[in-house]
Amino acid sequence: MLKFILIALVLIVGGVLVLAAFQPDSFRVQRKLAIKAPPEKIFPLIDNLHENARWQPYYSKDPQIKLSYSGPDSGPGAQVDFSGGAQVGSGRVSITGGEAPAKVDMRLQMLKPFSADNAIEFTLTPSGDSTEVSWTMQGQVPYPAKIMHLFFNMDRMVGGDFETGLANLKAIAES
């Protein structure tokens with residue numbers, strides 16, 4: 001009986017490892033929302049990391065989060081180091097580029113709970129009396145993360161936070 005259990009366990013573990021090998025090498029999560037405000041009003045709320053903290057859902061998940069800003073307040077070179085509990089982790093967000101008032105590029109470097117280096121892009125596209133704001137994150141998926149992706153859907157996990165953040169941004173920009 002023990003022999004059959006061990007064989008079954010080896011087959012299950014082997015199957016998971018083989019399935020993980022066929023997972024994509026990268027991921028991409030994107031959410032969009034129309035905000036009734038011009039891009040010029042929305043852009044500073046994204047491009048200034050102090051303003052960004054007002055609507056980002058990650059900072060509100062941990063009231064004890066520690067934020068340390070460096071560089072300029074906005075634009076390329078602006079960065080914030082964060083350190084929080086299990087729901088937030090620790091890492092750095094840096095503004096790497098952009099084009100006012102249409103685009104902000106950022107880099108998210110996670111240290112905890114796991115290491116990751118992801119590109120973030122916000123695009124603002126005028127549409128009548130509104131602006132469509134798109135929030136995209138993409139990055140590479142190393143093999144250990146591929147195993148995790150078999151059990152956790154990145155789009156569902158992060159996408160919900162993006163939706164919350166865009167709703168928060170909308171409330172601030174439209175007020």
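Quick note: the coordinates plus some simple rules give every number you see, no bench work behind them. Treat the numbers as computed from the prediction; the structure is a model and nothing was measured. FYI the Cβ positions are ideal-geometry reconstructions off the backbone, even for glycines, and counts take in every protein chain you see.
Results, tabulated for the structure shown:
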item: Highest to lowest packing among 11-21, 87-97, scored as the average C-beta count within 10 Å; result: 87-97, 11-21
item: Residue 16 versus residue 119: modelled label distance in nm, points set 7 Å from Cα along the beta carbon direction; result: 3.2
item: Dipole magnitude (debye, nearest 20) for the chain, charges at Cβ of Lys, Arg, Asp, Glu; result: 640
item: Residues residue 69 and residue 153, FRET efficiency given R0 of 30 Å [Cβ-Cβ distance, rounded to 0.05]; result: 0.40
item: Order of 66, 146, 32 - criterion: other Cβ atoms within 10 Å of each residue's Cβ, fewest first; result: 66, 32, 146
item: Note, ³J(HN,Hα) from phi for segment 94-103, Karplus 6.51, -1.76, 1.60, rounded to Hz, x at Gly and Pro; result: 10, 7, 10, x, x, 8, 5, x, 10, 7
item: Relative contact order of segment 2-174, pairs being alpha-carbon contacts under 8 Å that are 6 or more residues apart, as %; result: 30
item: Gain upon complete extension [residue 143, residue 127; 0.36 nm per residue less C-alpha separation]; result: 1.7 nm
item: Amide H contacts of residue 103 (H built 1.01 Å from N, under 5 Å, at least 5 apart or other chain); result: 124
item: Distance between segment 90-111 and segment 47-79 - C-alpha centres, whole angstrom; result: 11
item: Segment 72-175: radius of gyration and largest Cα-Cα distance (Dmax), Å; result: 15.2, 45
item: Rounded to whole Hz, the Karplus (6.51, -1.76, 1.60) HN-Hα couplings of segment 70-86, x for glycine and proline; result: 8, x, x, 5, 9, x, x, x, 6, 8, 9, 8, 10, 9, x, x, 4
item: Cα-Cα P(r), the chain, percent of pairs per 10 Å interval; result: 9, 33, 31, 15, 7, 4, 1
item: 3J(HN,Hα) from dihedral phi, segment 115-123, Karplus parametrisation 6.51/-1.76/1.60, rounded to Hz, x for glycine, proline; result: 7, 7, 9, 10, 9, 10, 9, 10, 10
item: Span-like helix ranges in the chain, DSSP H, alpha carbon extent 20 angstrom or more, Kyte mean at least 1.6; result: 2-21
item: Amide hydrogen neighbours beyond the local backbone of residue 37, cut-off 5 Å, H modeled; result: 131
